[in-house]
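Data block below; observations after.
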Amino acid sequence: MPDLDSPPGVLFLCVHNAGRSQMALGWFNHLAGDRAVAWSGGSEPATEVNPAAIEAMAEVGIDITRELPKPWTDEIVRAADVVVTMGCGDACPLFPGKRYEDWELEDPAGQSLAAVRPIRDEIGRRVRELLVSLAVTVG
């Protein structure tokens, strides 16, 4: 049950925490500001964020260069009100009582900037919908 006195928390998970989940985190922080909190993680974190994802997000004025791929932790999963999974399958954690959403999105790994743009835009659309469902005003 979410704590009504604290902002809602969302965890974005994918395998490498280098593309989809990083773009989702960037969109979320950009749109929600301090009205909600988000984290991202991966089951097998990469060594760096996908350069095409960084460039694609920069095109819409969102800087994700300070982010680093990292593993998810049980503590972060427990802290989240919503867990959004993106292609991590059985590696993604399942905790009873959590709200889960599985976003089927193409993996931007190894893709050109032109191929990453529609993925970025779809993630932005879904993050907006998620924020509306959480009653978070989009800034």
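Quick note: the coordinates plus some simple rules give every number you see, no bench work behind them. These numbers were taken from a predicted model, which means no experiment stands behind them. In this analysis, Cβ positions are derived from the backbone assuming ideal geometry, glycine residues included, and neighbour counts consider all displayed protein chains.
Brief remarks on what is shown
- Among the trypsin sites (Lys or Arg not before Pro) in region 39-99, those located in a DSSP loop and surrounded by at most 15 other Cβ atoms within 10 Å of their own Cβ are Arg66, Lys98.
- With pairing defined as another cysteine C-beta under 4.7 Å, the cysteines of the chain that fail it are Cys14.
- R0 of 25 Å, Cβ-Cβ distance Arg128-Asp74: FRET efficiency to nearest 0.05: 0.30
- Kirkwood Rh, angstrom, the chain [1 / mean 1/r, Cα pairs]: 14.8
- With Cα atoms as the point set, region 67-129 shows a radius of gyration and Dmax of 13.4, 39 Å.
- Summing Cβ point charges (Lys, Arg +1; Asp, Glu -1) relative to the Cα centre of the chain gives a dipole of roughly 200 debye.
- Alpha-carbon Rg with Dmax, taken over region 47-91, Å: 13.2, 34
- For the pair Val138 and Asp5, a Förster radius of 25 Å applied to the C-beta separation gives a FRET efficiency near 0.70, rounded to the nearest 0.05.
- 0 to 90° range, to nearest 10: angle between helix 113-133 axis and the chain longest Cα axis: 10
- Taking amide H positions as modeled 1.01 Å from N, with prolines and chain starts lacking one, the residues under 5 Å from Arg99 and 5 or more places away or on another chain are Val83.
- Charge dipole (region 88-139, unit charges on Cβ, about Cα centre) - positive-most of Gly97, Pro108, Leu131: Leu131
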